[in-house]
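Data block below; observations after.
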Amino acid sequence: MRGQRIATIALSVLAPAVLALAPVASAHTSLVSSDPADGAVLRQAPQAVTLTFDEDLLAGANTISINLADGTVVESRPVEPSGPSVTLPWPSGLSAGDYQVAYRVVSGDGHPVTGAVSFTVTGEASPGPSVDGASDDGLSPNPAATPFAPPAPDVAVDGGSGLPVAASILAGAAGVAAVVVLIVLLRRRRR
């Protein structure tokens, strides 16, 4: 009888803690919105591309690339977040066409997230900074520019909050406690 009480107390203490932290441990940062929106058709190129995520991003670890439909990189550079958002000014002199904006950002807890949004520009580009890899006329991308390289595989970045690690440790402790409780109950039943 005493073993059952201990088991009940242990489970009643550990279960709510595990359930409370489980969503945090499995949550990943995701893109909430983009400006321009994914799939948009624009008459003019945007002044900038802004990507907004569902949580703040880690400073010094985010990159945005603007690519042509064939994968040629037009511009790729690190960007600093403003809370959950990152922005890259649109390069000047780009012609109408299909564009992909690829990103690799790192959430505040250290998890990298990659993805892309695509949109079409039907008219002339708006002014902006110069284009990396532009041809001599400065208006069209250089065909010899570096092709788009897929983002690096997801590797955790140090400097996170450690919350997923704490949740994993707590879940492991709860598992061990559950096994101990089962062993105690089985031994008591045999007697």
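The values are calculated or read from the model by the stated rules, or taken from the named source; none is laboratory data. Keep in mind it's a predicted model, so treat the numbers as computed, not measured. Positions of Cβ are backbone-derived with ideal geometry, glycine not excepted, and every protein chain shown enters the neighbour counts.
Regarding Val74, is this residue farther than 30 Å from Arg189 by Cβ, assigned to a strand (DSSP E or B), at pLDDT 95 or above and of a type outside the set (S, T, N, Q)?
Values: farther than 30 Å from Arg189 by Cβ: yes; assigned to a strand (DSSP E or B): yes; at pLDDT 95 or above: no; of a type outside the set (S, T, N, Q): yes.
So Val74 does not fit the description; no.
Can you work out which of the residues in segment 13-32 that are loosely packed, with under 14 Cβ neighbours inside 10 Å and closer than 26 Å to Leu88 by Cβ is modelled with the lowest pLDDT? Selected residue: His28. Residues in segment 118-136 include at least one that is of a type in the set (A, V, I, L, M, F, W, C), closer than 30 Å to Glu55 by Cα and at pLDDT 70 or above.
Of the residues screened, Leu94 is one that is among the aliphatic types (A, V, I, L, M), surrounded by 18 or more Cβ atoms within 10 Å (Cβ to Cβ), assigned by TED's automatic domain parsing to the domain that holds Thr120 and touching a residue at least 24 places away in the same chain (Cβ under 8 Å).
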